[in-house]
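Every number in this text was worked out from the coordinates using simple rules, so none of it is lab data. Quantities reported herein were computed from a predicted structural model and do not represent experimental measurements. Ideal geometry is used to build each Cβ from the backbone, glycine not excepted, and the neighbour counts take in all protein chains shown.
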C-alpha cells in the first residue's frame, strides 16, 4: 500500500537558519504530493503541492521538488522565522485510480524556531 | 461558512456509548472527507463523500463506524459502542471537487475521549 515517511521531530532551529524536512514515499503509479502545515490552535492548511515528477511546489518561502527517482519530496526554506513554528505533514494522493480516495499522511514533524 | 466547522470541539464519552460528530463543510464544496488522527500520528483516511453518496469508505476501521451526508452538505460521523481505542481527533475536510489532487480544507477537529 501507499505510505509516507518523514523525519522525526521535534526539529529545533534558530531564526534565519536553513530548514530541511525530509519526506519519502511509497506508492503505486504516480501520486500527487503535498505538504500541509498545522499552526498552534488551527486546522491543517495546504502549504504547497506538486502533481508530477520534477514539479516544484512553493509558497511562503517554502519549496519542495517532486523527485521520482528518489521517491522524495523534501521541504526546504532558506531562512526560517519564529512564525514558522508548527507541525508539518507530508502527504500523497493516489492518482492511479485503484487506491483510496483520501490522502495518505506522514506522522508529522514538529518544527520549533527559537528567536 | 468561511471554513469547515466541526462540532463539538471536544467530546468525552463512556465506553460502550454512541457518539455523533458533526461536520459543516465550506459552502459549495461537493467533496467531503473524514480522517482520524491519533496522538503522535498523521491523519488516517476514513471515508470520502461525493455529494450525498459515500464514494469510498475503505478507511472505516469496522462496522461500528458509519457516516452520512443526506443532503450533500453537513455530514455526521457516527460511532457505536465506543471503545477506548477510538479516542483520537476526528478531522473533517472538504474540497470544491474531489478527490485526488484538489486542495482539501480542514476543520479544527473534534477531540473524542472514551473513558
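The mean of 1/r over all pairs of different alpha-carbon atoms in chain A, once inverted, gives a Kirkwood hydrodynamic radius of 14.2 Å.
With R₀ fixed at 45 Å, the C-beta to C-beta distance from residue B:30 to residue A:13 puts the FRET efficiency at about 0.65. Principal semi-axes of the equivalent ellipsoid, √(5λ) from the alpha carbon gyration tensor of the range B:40-115, are 22, 15, 11 Å from largest down. Counting Cβ atoms of other protein chains within 10 Å of each Cβ in A:45-51 and taking the mean gives 2.
Peptide A:102-114 shows a mean partner chain C-beta count of 4 within 10 Å per residue C-beta.
Highest mean first, the peptides A:10-22, B:25-37, B:75-87 sorted by other C-beta atoms within 10 Å per residue fall in the order B:25-37, B:75-87, A:10-22.
Once the Cβ-Cβ distance between residue B:81 and residue A:5 is put in as r, and R0 is 35 Å, what FRET efficiency do you end up with, to the nearest 0.05? Before the final figure, lay out the partial values.
Working: r = 34 Å, r/R0 = 0.97.
The value I calculate is 0.55.
When the alpha-carbon atoms of the protein assembly as shown are used, the pair Rg, Dmax equals 17.5, 51 angstrom. Computed packing ranks the peptides A:70-80, B:43-53 as B:43-53, A:70-80, most packed first, by mean other Cβ atoms within 10 Å. Considering only C-alpha atoms, what is the centroid distance from the range B:37-113 to the range A:14-60, in Å? Taking the Cα centre of the range A:14-60 as reference, the centre of the range B:37-113 is 22 Å away.
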